[in-house]
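The values are calculated or read from the model by the stated rules, or taken from the named source; none is laboratory data. Everything quoted here is computed from the prediction, not taken from an experiment. Cβ coordinates were reconstructed from backbone atoms using ideal geometry, including for glycine residues, and neighbour counts include every protein chain displayed. Calculation scope for accessible area: heavy atoms of the full protein, side chains included, ligands and nucleic acids excluded. Shrake-Rupley method; radii C 1.70, N 1.55, O 1.52, S 1.80 Å.
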Amino acid sequence: MGYSVFLIKEISPFLHLIMSLLVTGTVAFDAIETPFGKTDKIIGGAATYVSLAASYFTKDVALVAVVGDDFPQEYIDLLNNKGINTKGLQVKAGEKSFFWSGRYFNDMNSRETLITELNVLADFDPIVPEGLESPDYLMLGNLAPIVQSTLISRLKNRPKLIVMDTMNFWMDIAMDDLMKTISMVDVLTINDEEARQLSGEYSLRKAARKILAMGPKYLIIKKGEHGALLFFEEEVYFAPAMLLEDVFDPTGAGDTFAGGFIGWIASTDDISFENMKRALIYGSALASFCVEKFGTENILDIDANKLRDRVSDFRRLSYVDFLTD
Ligand code: AMP
């Protein structure tokens, strides 16, 4: 049976195959400002969004990350309640959690980072707890590239697929480490601006060719409200973004996308290019929920029917039947 039938009819829960997924990245406090409002410190971080999104597809999600003892237990409970294993979440006594603050402009496509306080992240040693060293899949969410590569080196076996996300912050301050980590992964996800910065090319086609030559087999370039591109060898697949009535806060959309992407791959245990195209649609569908409210609010409890309807909307968005004789 093709997934397309399975995909529409049985959107959730995807518990047919229990493949383990290990996630790293920041678990953080975020303070966000958009034209629609402002938040104080709320739960954020790349690994938070990734694991919440992935938890809709596989119930075997574990985190390796770090917070300070200022991080409320209720936030950790929130992750646990979604079935996310936080045995690998270190809580550092007397230290402060990673803090990020950003402001979006009117078009919501561009943002300015106001504050990045590494705090506990500055000397994070990613210890992988016993029992979690052989994940089927690995998602390296955004954090220091040296931590991402250290985590890979600590696993007992190479996962079936390693997906990595990163951002311009690390290109600016840790380019050598970043290049090393990029050479170790299978899929790299970055946004269009970062692809241009990393490659030195304006054309995304040329940028993709150069980045694929750095090591990854696949490259995903996220283009915000303009969708996402998946590159593999000389092929390219495009997934649109949902045209939403309202976008309140794009924070975490990229991470939610990545979590949906790897969650779908893990739940189907299929790393073919064809299946990655489906994963792109699931990632985009989850990201479209994320931006409709502030922070993680809208991805804490997505109704299975709503998710199914949104995936159907995505299919309709660019599907056309060319009549042939
Ligand atoms: P996104 O909007 O998907 O790019 O991700 C936003 C999330 O990334 C926020 O929740 C931040 O806490 C986190 N973040 C921001 N800057 C960094 C950084 N330099 N390293 C890791 N995570 C970051």
Problem set entry | For the chain: rounded, prolate or oblate by the Cα gyration tensor [a/c cutoff 1.5] | rounded
Problem set entry | Of all DSSP beta bridges in the chain, antiparallel share, percent nearest 5 | 40
Exercise. Calculated FRET efficiency, residue 80 and residue 305, Cβ-Cβ r, R0 35 Å, to nearest 0.05?
Worked result: 0.90
Exercise. In whole percent, how big is the carbon plus sulfur part of the accessible area of the range 9-136, probe 1.4 Å, protein atoms only?
Worked result: 48
Exercise. Taking the alpha-carbon centroid of each part, what is the distance from the range 81-153 to the range 27-52 in angstrom?
Worked result: 13
Problem set entry | Residues of the range 267-286 with amide N under 16 Å of the 7 Å Cα→Cβ point at residue 312 | none
For this session: Classify the range 12-108 as rounded, prolate or oblate from the Cα gyration tensor: take a ≥ b ≥ c as the square roots of its eigenvalues, call it rounded if a/c is under 1.5, otherwise prolate when a/b beats b/c and oblate if not.
Result: oblate
Exercise. Label-point separation (nm) for residue 193 and residue 236, each offset 7 Å from Cα along Cα-to-Cβ?
Worked result: 2.1
Exercise. Among the listed pairs 180/217; 41/306; 87/156, which are separated by more than 20 Å between their Cα atoms?
Worked result: 41/306
For this session: Starting at the first residue of the range 148-161, write each ³J(HN,Hα) from the Karplus equation 6.51 cos²θ - 1.76 cosθ + 1.60 with θ = phi - 60°, in whole Hz, x for Gly and Pro.
Result: 4, 6, 4, 4, 4, 5, 8, 7, 6, 10, 6, x, 5, 8
Seminar exercise, completed: the chain accessible area per residue, 1.4 Å probe, protein heavy atoms, integer Å², reads 44
Seminar exercise, completed: Once phi for every residue in the range 205-210 is put through the Karplus expression 6.51 cos²θ - 1.76 cosθ + 1.60 (θ = phi - 60°), the whole-Hz ³J(HN,Hα) values, with Gly and Pro written as x, are 5, 5, 4, 4, 4, 5
Problem set entry | Eligible aspartates and glutamates near residue 206 by straight Cα distance, threshold 16 Å, same-chain separation 8 or greater | 192, 193, 194, 233, 234, 235
